[in-house]
Amino acid sequence: MPTEKMTRENLPDGEVLCSYCNARCCRYFALQIDEPTTRHDFDNLRWYLLHGSFSVFVDDGAWYLMIPGDCKHILPDNRCGIYEIRPQICRDYTTDNCEYDNAGVYDQFFETPEQIYEYSQAVLPAAPRRKASDPISLPVLNL
Ligand code: SF4
Ligand code: SF4
């Protein structure tokens, strides 16, 4: 069984790169999301990342939510188990720019809610600071 040692440049004529891959493109999907611009937007992203192994990445200026998960039709040898009836999105995908030799390097990559929070703190304008003369409102207790 071939291993993922083959390089694109050395791929012999007539062979397919996928034969040397562990089906990397079949083990997650990514949904494009709106670019966050407000504290509320960033807080929603932080909420996504509180849910386990999701991540957020930015590529060519576009923001994506990455959802890990093996397609249930990957065969033990990493081939597609429903090749003849695989979804169109799988048919349209090619090895031209696939992640075979992409180490997951994106413009930005956020894996934890803390990373999103720190980034939002860096890019959003600071919240207005309270002046000493501002009235302080306290919660009212109904006893
Ligand atoms: S398209 Fe690329 S990432 Fe997907 S199985 Fe083939 S070589 Fe691997
Ligand atoms: S249907 Fe086949 S090609 Fe598409 S993600 Fe699943 S295993 Fe991969």
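Each reported figure results from applying straightforward, stated rules to the coordinates on display, with no laboratory input. Computed from a predicted structure; not experimentally measured. Glycine gets a Cβ as well: all are built from the backbone with ideal geometry, and neighbour counts include every protein chain shown.
Considering only F110, I85, F42, whose Cα is most displaced toward the positive end of the charge dipole of segment 1-119, charges sitting on Cβ of Lys, Arg (+1) and Asp, Glu (-1)?
I85
Compute the signed sum of charges (Lys and Arg +1, Asp and Glu -1) over the other residues within less than 15 Å, Cβ to Cβ, of Y93.
Its environment carries a net charge of +2.
Please work out the FRET efficiency for the pair A122 and D101, using the Cβ-Cβ distance as r and a Förster radius of 25 Å; give the result to the nearest 0.05.
Efficiency, rounded to the nearest 0.05: 0.20.
Given an 8 Å cut-off on Cα distances and at least 6 residues of separation, report the relative contact order of the chain as a percent.
Averaging sequence separation for qualifying contacts and normalising by length gives 28 percent for the chain.
Taking springs between alpha-carbon atoms closer than 10 angstrom, which of R79, R91, R46 fluctuates most in the Gaussian network model of the chain?
Comparing R79, R91, R46 in a Gaussian network model of the chain, the most mobile one is R91.
Counting other beta carbons within 10 Å of each Cβ, put S120, S19 in order, fewest first.
Sorted ascending by nearby Cβ count, the order is S19, S120.
Please arrange S53, S133 by how many other C-beta atoms lie within 10 Å of their C-beta, fewest to most. Don't jump to the answer; show the numbers that get you there.
Working: S53 11, S133 5.
Lowest count first: S133, S53.
Mind putting a number on the dipole of the chain about its Cα centre? Charges go on the C-beta only, +1 for Lys and Arg and -1 for Asp and Glu, and I need it in Debye to the nearest 20.
640 debye
Running a GNM on the chain with Cα contacts under 10 Å, which residue among N78, N102, N22 ends up with the highest mean-square fluctuation?
N102
Could you run the Karplus curve 6.51 cos²θ - 1.76 cosθ + 1.60 with θ = phi - 60° over segment 31-38 and give me ³J(HN,Hα) per residue in whole Hz, x for Gly and Pro?
10, 5, 10, 5, 5, x, 10, 10
Quick one: net charge of Y117's neighbours, Cβ under 12 Å, K/R +1, D/E -1?
-1
For the residues L45, L124, what sequence is obtained by ranking on other C-beta atoms within 10 Å, fewest first?
L124, L45
Any idea how far apart L50 and Y93 come out in nm if each label point goes 7 Å out from Cα toward Cβ?
In this crude spin-label approximation the distance works out to 3.1 nm.
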